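Written below as structure tokens is the structure these notes are about.
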Amino acid sequence: MSQIANYDNQMYKELKEIISEKKKIRNPLIEVLREAQAIFGYLPIEVQQFISSELDVPLNKIYGVVTFYNFFSMKPRGKYVINVCTGTACYVKGAPRIIQMISEELGIEMGETTKDGQFTLSAVRCVGACSLAPVFVIGEETYGRIETKAQVVDILNQYH
Amino acid sequence: MKRIDLLICCGSGCVSAGSLKIKNKFIELLEANDLRSEVNIIETGCMGPCDFGPVMMVYPEGVFYQKVTVDDVEEIVTEHFLKGRPVQRLMVTEDDKLKATKKEIPFYQKQVKVALENCGHIDPESMDEYIATGGFEAIGKVLSEMSQQETIDVVKDSGLRGRGGGGFPTGLKWQFGFNNKADQKYIICNADEGDPGAFMDRSLLEGDPYRVIEGMMIAAYAIGASRGYFYIRAEYPLAIKRIKLAMEQMREVGLLGDNIFGSAFSFDAEVRTGAGAFVCGEETALIHSIEGMRGQPTPKPPFPAERGLWDKPTVVNNVETLANLTSIYNKGAEWFASMGVGKSKGTKVFALTGDVKNTGLVEVPMGITLRDLIFEVGGGITNGRKFKAVQLGGPSGGCLTEKDLDTPITYESLLEKGAMMGSGGVIVMNDTNCMVNVAKFFLDFSVEESCGKCFPCRLGLKQMYGIMENITSGKGKEGDIEELIRLGNDIKKASLCGLGQTAPNPVLSTIRYFREEYDAHIKNKSCPAKVCTSLIHFDIDKSKCIGCSLCARKCPVNCITGNREDKYTIHQLDCIKCGNCDDVCPVHAVNIIPGMHYETLSAVQPTKKDTY
């Protein structure tokens, strides 16, 4: 946390550069928040305060935006975020079962992060790979047609 | 000229199924066989039949291969490319007949490709290929020969209506945008495709980005906008990349920028990405999101065409709407209007998913029947199961049943039946689906995605969800259905935006067509489809049980006891219905029985807290 509170560190320098670049477009708040989350992994209040002073936008407005959109998180997330698709096709074909399997395997509930900081279990609304349902996504990889727990375990083991 | 064109589908479905690995294997083997200079490998957008994926086509013959694996590549190269003998075992077969080319495959036969014309045929990252298929002819014609009003009139005559859900006539929307005078106007492409089960916009942006940009330019010219925005979901990184790349290429050659084609028309666009909020598909919410605010809708009027982005006249068109435009200007409004029935003209792209054989992306003329769509194009229900319902229009839509299968699909006919066109997600369900549970799923979606601004949607949907939760957990009571209908109708009437006005539809339509299932849940405490875990129970058939104790050992809550002689018994009060016993039983002695066990029935009578 000390790193987050210290505005001198490298991450803030990087963010500051991005902000001065993004200031060129009109109302860049959401774009800036996206970049900030990419740098810090999440958006703690300290980062929001920093953006507030840099962009000259009230903190309450930034907080409002951060809490409105699913994409932004105020809690630290794991190194790998497992996004289980809970779109209709996946739901009909067994997304709840996948969630249960991953949850059992990692010992975390939906929205939680493992103690070692490796995985966060999260759900997304339709990744548009409905024909492979049920699917989950880790990073840029999509894993489809998941039927057994053995498949889930195999996939998760690749990330350990 | 190369001897062979190899088109590999690199739509999301096929990429997930491994098409990129296959492409690399092709490159490796072509080089090994010294064929690299003879075979042109093209990564295309979605070809449509995702369930057959990874798919590819080989020209000049037009041979269509399905379910190709990395191990099949060698055979294709040596047999087909070297010896000229197409690999029959990788072709589609239907009723034991080989279907070598796309035209012969039933999946394609009833389809008419307009918006998807190039999708799966061209390299979406090559502007030259787009131009070779007649790209930018429409914008050229519009800019050099037509006035703004004439441009609008063509779309009016074509009868094109918004493809994002509402079905508002596009020409009329443009007319409003044109009539409102201002120093600056905007055009926005709505690519915030949030409906679960819909991926047509994604496929269009990924498979034919230039077409969507050209459509946006025509719209911009018609209304007098000089600036455009693509609002694309963050979940679609490839679509974002492709649109950005296409715009860069166009800027380089002057197709975007000042005085396009030497005319007085100047235009440029930029991409803004969504941040995961379903409500941002609503146009006023989308506009606020671009403005960097919470994506909450505001009342209309004022309509965006009057006061939209940064208070300037703004027209918001959906991706598919824009993708239809080039064909309308190239082939004429009459041609477009000749397809479809009644007030629904042209074609519609549907994402066919669920328990149907040929899942994927299809484009069919408006007015096709659901039966043709599901059983002809879709190939029927998987695993020999029975068709139960089809869900159209996502969380805003409704479920239709067997008896509606011969209804022609139009905006009006679907609304009348309690569903809606929506963006075009078609989810087919077989008889193992519990309709109450499906309705609860959609309601859960709407509750979570409600932006919280207006009362009926924010709290009303939560009330409905509470009742649904009770019904599916065995706490349903007399009068719940009537209360759901009352709440649903009130929410529809009183909500501010399209989300709230349509969110009760899944519940209302399932009550309309599957009331007996609701009754079974409420009165008999039973889930006939054996989905709602509270309303089923597991039982061991002692005549089949061999007393192996596997179930007892695998039970996470130790609620199975017994021995080899007396066989095993599940203690119903402790059972959490995880299904482990059923999974491990070597002789299938565990039965899943609809309805609560009498022992548990008394334990779940509604308490005051659970009553809504």
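Extending each Cα 7 Å along its Cβ direction at B:K554 and B:K21, get the distance between those two points in nm, one decimal.
2.9
Identify the trypsin sites (Lys or Arg not before Pro) of segment A:66-139 meeting these criteria: DSSP loop state and at most 12 other C-beta atoms within 10 Å of the C-beta.
Details: sites: A:R77, A:K79, A:K93, A:R97, A:K115, A:R125; in loops: A:R77, A:K79, A:K93, A:K115, A:R125.
Filter output for segment A:66-139: A:K115.
Counting pairwise Cα distances across chain A, what percent come out greater than 28 angstrom? Don't jump to the answer; show the numbers that get you there.
Values: 4216 of 12720 pairs.
Across chain A, Cα pairs with separations above 28 Å total 33 percent.
Report the Cα-based extents of segment B:127-336 along its three principal axes, largest first, to the nearest Å.
Computed over segment B:127-336, the largest-to-smallest principal extents equal 41, 36, 32 Å.
Against the 2.2 N^0.38 Å scaling, with N counting residues, where does segment A:13-107 land? I'd like the Cα-based Rg ratio to two decimal places. The partial results should precede the final answer.
Details: Rg = 16.9 Å, N = 95, 2.2 N^0.38 = 12.4 Å.
Taking N as the residue count of segment A:13-107, the ratio is 1.36.
For segment B:1-108, place one equal point scatterer on every Cα, skip the solvent, and apply the Debye formula. What is log10 of I(q)/I(0) at q = 0.11, 0.13, 0.14, 0.16 Å⁻¹?
Each listed q corresponds, in turn, to -0.30, -0.42, -0.49, -0.65.
Please express the Cα-Cα pair-distance distribution P(r) of segment B:492-538 as a list of whole percents, one per 5 Å bin, running from 0 to the bin with the greatest distance.
5, 20, 18, 17, 13, 11, 11, 3, 1, 0
Which trypsin sites (Lys or Arg not before Pro) in segment B:75-177 sit in a loop by DSSP (not H, G, I, E or B) and have at most 10 other Cβ atoms within 10 Å of their own Cβ? Present the calculation step by step, with values, prior to reporting the outcome.
On the way: sites: B:K83, B:R89, B:K97, B:K99, B:K102, B:K103, B:K110, B:K113, B:K141, B:K156, B:R161, B:R163, B:K173; in loops: B:K83, B:K110, B:K113, B:R163.
Counting only loop positions with at most 10 other Cβ atoms within 10 Å, the trypsin sites (Lys or Arg not before Pro) in segment B:75-177 are B:K83.
How high is the FRET efficiency between B:D311 and A:I39 when r is their beta carbon distance and R₀ equals 45 Å, given to the nearest 0.05?
Values: r = 33 Å, r/R0 = 0.74.
Efficiency for this residue pair is about 0.85.
Please check which bits of segment A:21-58 a label hung off B:D268 would reach, taking the label as a point 7 Å along Cα-to-C-beta and the cut-off as backbone N under 18 Å.
A:21-28
For segment B:168-271, what does the equivalent ellipsoid look like in terms of its semi-axes, each the square root of 5 times an eigenvalue of the Cα gyration tensor, given largest first in whole Å?
Details: eigenvalues 110, 68, 21 Å².
Equivalent-ellipsoid dimensions as semi-axes: 23, 18, 10 Å.
Less than 20 Å from a label point 7 Å out along the Cα-to-Cβ axis of A:T67: which backbone N atoms in segment B:255-297 qualify, by residue?
It comes to B:275-280, B:289, B:292-297, nothing else.
Suppose the Debye formula is applied to equal point scatterers at every Cα of chain B; what is log10 I(q)/I(0) at q = 0.08 Å⁻¹?
Listed by q, the Debye log ratios stand at -0.66.
Taking each residue in B:9-20, count the Cβ atoms of any other chain within 10 Å of its Cβ, then average. What number comes out? Mind dumping the intermediate values first?
Working: counts 0, 0, 3, 7, 8, 3, 4, 12, 6, 1, 0, 0.
Counting other chains' Cβ atoms within 10 Å and averaging over B:9-20 gives 4.
Among B:F278, B:Y59, B:Q184, which residue has its Cα positioned farthest towards the positive end of the charge dipole of chain B, with +1 placed on the Cβ of Lys and Arg, -1 on the Cβ of Asp and Glu, and the dipole taken about the Cα centre?
My answer, from the dipole projection, is B:F278.
Working only with C-alpha atoms, what are the Rg and Dmax values of segment B:340-430, expressed in angstrom?
Every Cα atom of segment B:340-430 included, Rg and Dmax give 11.7, 37 Å.
Compute the relative contact order of chain A as a whole-number percentage, counting only Cα pairs closer than 8 Å that sit 6 or more residues apart in sequence.
It comes to 18 percent, rounded to a whole number.
Using Cα-Cα distances under 8 Å and only pairs 6 or more residues apart, what relative contact order does chain B have, in percent? It would help to have the intermediate numbers written out before the result.
Details: 1283 pairs, mean separation 69.1, N = 612.
Relative contact order of chain B: 11 percent.
With N set to the residue count of segment A:117-160, report its C-alpha Rg divided by 2.2 N^0.38 Å to two decimal places.
Ratio of Cα Rg to 2.2 N^0.38 Å: 1.16.
Please state the charge dipole magnitude for chain B, taken about the Cα centre, from unit charges on C-beta atoms (+1 on K and R, -1 on D and E), reported in debye and rounded to the nearest 20.
Charge dipole, chain B, about its Cα centre: 1360 debye, nearest 20.
For segment B:533-604, what is one quarter of the convex hull surface built on the Cα atoms, given in nm²?
Details: hull surface 17.5 nm².
Projected area, direction-averaged: 4.4 nm².
Quick one: how many lysine pairs does chain A have with C-alpha atoms less than 26 Å apart and a gap of 8 or more or different chains? Give me the count, please.
So the count works out to 20.
Determine the alpha carbon to alpha carbon distance for each of B:K173/B:K403; B:K345/B:K417; B:K525/B:K577; B:K173/B:K312 and list only those over 25 Å.
Result: B:K173/B:K403 exceed 25 Å.
Rg and Dmax in Å for the protein assembly as shown, alpha carbons only: what are they?
27.2, 93
Roughly what would the spin-label model give for B:Q184 and A:D154, points 7 Å off Cα along C-beta, in nm?
So the two model labels end up 5.5 nm from each other.
With no solvent and one equal point scatterer placed on each C-alpha of segment B:379-517, evaluate the Debye formula and give log10 I(q)/I(0) for q = 0.09, 0.18 Å⁻¹, two decimals.
Scattering profile of segment B:379-517, log10 relative to I(0): -0.25, -0.99.
With the cut-off at 25 Å, tell me which of the pairs B:K21/B:K102; B:K300/B:K493; B:K67/B:K440; B:K103/B:K348; B:K462/B:K493 have Cα atoms farther apart than that.
In this structure, B:K67/B:K440 exceed 25 Å between Cα atoms.
Using DSSP to call loops (not H, G, I, E or B), can you name the GluC sites (Glu not before Pro) in segment B:489-583 whose Cβ has at most 15 other Cβ atoms within 10 angstrom?
B:E565
Please check which bits of segment A:108-140 a label hung off B:I592 would reach, taking the label as a point 7 Å along Cα-to-C-beta and the cut-off as backbone N under 12 Å.
It comes to no residues whatsoever.
Report the convex hull volume per residue for segment B:435-522, counting only C-alpha atoms, in Å³.
Dividing the Cα hull volume of segment B:435-522 by its residue count gives 72 Å³.
FYI, it's all coordinate maths here, none of it is from the lab. From a predicted model like this one, the values you see are computed outputs, not experimental measurements. Because the Cβ atoms are built from the backbone with ideal geometry, glycine has one as well, and the counts that use them run over all protein chains shown.
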